[in-house]
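Right, one structure below, let's go through it.
Read-outs: derived from the displayed coordinates by stated rules, not from any lab. Note that this is a predicted model, so its numbers are computed, not measured. Neighbour counts are summed over all protein chains in view; Cβ atoms, including those assigned to glycine, are modelled from backbone coordinates with ideal geometry.
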Amino acid sequence: MAHSLTLGFAQLTDCAPLAVAKERGAFAAHGLDVTLKRFVSWAAMRDALGTGAIDGAHMLSPMVVASAAGIGPFPGEFTTAFTLNLNGNAITVSTGLYEAMAQMAPETVSRRPLSAYALKRVIDQRKEDGKAALTFAHVYPHSMHALELRYWLAAASIDPMRDLNLVVVPPSLMVDALAAGQIDGYCVGEPWNNAAVVAGIGRTLITSGEIWSNGPEKVLGVRQDWAEQNKEWHLKLIAALSETCAWLDDMDNRLTAAQIISTPDYVNAPFDEVVGSLTGKNRQTGGELRIDMPDFNVFHRYAANFPWRSHAKWILSQMIRWGEAPDDVDANAIAKLAFRPDIYCEAVEPLGIACPSSDEKVEGAHPHTWLLSDATEPVAMGADQFMDQRIFDPTNIDSYISGFSIRDQRSRLGALDTSQITHLAK
């Protein structure tokens, strides 16, 4: 008899592993009777998982790290042993704001990847003119969207805590909020960037893969106690998702996946708006440029499903940078609680999937594809470069954070006096 599980998901194209695993019978093949439940907001899904209303979730990777760090309403309760995908987000602004950026700083708008320097010019001019601050949205306080948006802004000397307003808007409501003029831009997953472009109300400036190549996005989030009490079913769940993610990363299968997830049960968006995200074809970036980005959504290749503890530590480094983590945070303990590569490797060993021998790696050191030889079998890896070419050594987080000129004064390292930094203004 099949074991019943309920998994939550958000209305985004990267729910594909869960949707496809159910529709193509991967869950059933592993003895699982899975019910998928859609949530509008991340907070609602978080609460459902935390209270036991669902067994697992298509979850924001920083949400798990925040829980492990004791931040939020369910401290220490969430963990993951499976990364669902890499990349997949983008930053989009209203057409009016893009036109103002292009007029104010045409030389910076033409550079790729598109930095936020043109946006800084607009912000500075609005301050001089006494106009209200711009408002940008992300999907949840502890999300890669929030971290990517702030990273991009701060790299251009925009202080995300003082120079504009940051608000939370559920993914599926982003386009309506932009159309209504409630926000000026946002960072979100697909198809909600493409939908704004198709509607003629937005321009996509940069994708998350251009901010950090192959950074973690969603994970399979579960409760710590559930994982301990349901080890057999947890391993079967991971195995089913691993097989599905491998199927998804065969680009010949992406059209079929788009047909599945565009339906009312899942993303409920036009096929033409969903398919571009999954295939990476004709992606908009830089406001106007359209190029093919085959790695816009990575579901399996590059050891994508392995829950790297260096990913957890990078997320934690940004939480420290922005004053969200406690001063006495123990990065090693949090990474071990949040991300469980040991469980992942146990689940995929029968499938013959290679596992890295180390739980963490230096991030940002590879501008191109490379070969990971420190594994049960060599693994072809993708680039992991940051837009500012910084290198993240997971063994020295404080040194990494100290290199950022903009950080919250509540950070355990404190804020820098940016008035003494002359190289930031461009």
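Largest mean-square fluctuation among A196, A180, A57, in a Gaussian network model of the chain whose springs join Cα atoms under 10 Å apart, belongs to A180. Taking the chain as the region of interest, the number of lysine pairs whose Cα atoms are within less than 15 Å, with members eight or more places apart or on different chains, is 7.
Adding -39500 (n - 2.57) for every DSSP H run of four residues or longer, then dividing by how many residues the chain holds, sets the calculated 222 nm ellipticity at -10000 deg cm²/dmol. In plain terms, the chain from K131 to S402 could stretch by 94.3 nm, reckoned as 0.36 nm per residue minus the Cα-Cα distance.
If packing is taken as the mean number of other Cβ atoms within 10 Å per residue, what is the order of 183-190, 247-254, highest first? Don't skip to the answer; put the middle values down first.
Numbers: 183-190: 25.9, 247-254: 16.2.
Descending mean neighbour count gives 183-190, 247-254.
The Cys residues in the chain with no partner Cys Cβ within less than 4.7 Å of their Cβ are C15, C187, C245. Stretching N332 away from E349 to a fully extended chain increases their span by 3.6 nm, per 0.36 nm per residue minus the current alpha-carbon distance. Amide hydrogen proximity for T6: with H placed 1.01 Å from N in the peptide plane, the residues at 5 or more positions away or on another chain lying under 5 Å are T35, D55, G56. Can you work out ³J(HN,Hα) from phi for every residue in segment 25-35, in order, using Karplus 6.51 cos²θ - 1.76 cosθ + 1.60 and θ = phi - 60°, giving whole Hz and x for Gly and Pro? Result, ordered by residue: x, 5, 4, 4, 5, 9, x, 10, 9, 9, 9 Hz. For segment 319-324, the Karplus equation 6.51 cos²θ - 1.76 cosθ + 1.60, evaluated at θ = phi - 60°, returns couplings of 5, 5, 4, 9, x, 9 Hz by residue, with Gly and Pro reported as x.
For the chain, find the longest principal axis of its Cα atoms and tell me its angle to the long axis of helix 95-104, 0 to 90°, nearest 10. For 95-104 against the chain, the angle is about 50 degrees.
Protection proxy ranking, highest mean first, for peptides 9-18, 79-88: 79-88, 9-18, where packing is the per-residue count of other beta-carbon atoms within 10 Å, averaged.
For segment 271-319 versus segment 1-71, the spacing of their alpha-carbon centroids is 20 Å. Taking the C-alpha atoms only, the angle from helix 42-51 to the longest principal axis of the chain is near 40 degrees. Largest GNM mean-square fluctuation across R150, R290, R162, computed for the chain with C-alpha springs under 10 Å, falls on R162.
Could you give the angle, 0 to 90 degrees to the nearest 10, between helix 231-248's Cα long axis and the longest principal axis of the Cα atoms of the chain? Approximately 60 degrees, to the nearest 10. Evaluating 6.51 cos²θ - 1.76 cosθ + 1.60 at θ = phi - 60° for every residue in segment 74-86, the Karplus couplings come out as 10, x, x, 9, 9, 8, 9, 10, 7, 8, 7, 6, 10 Hz, glycine and proline recorded as x.
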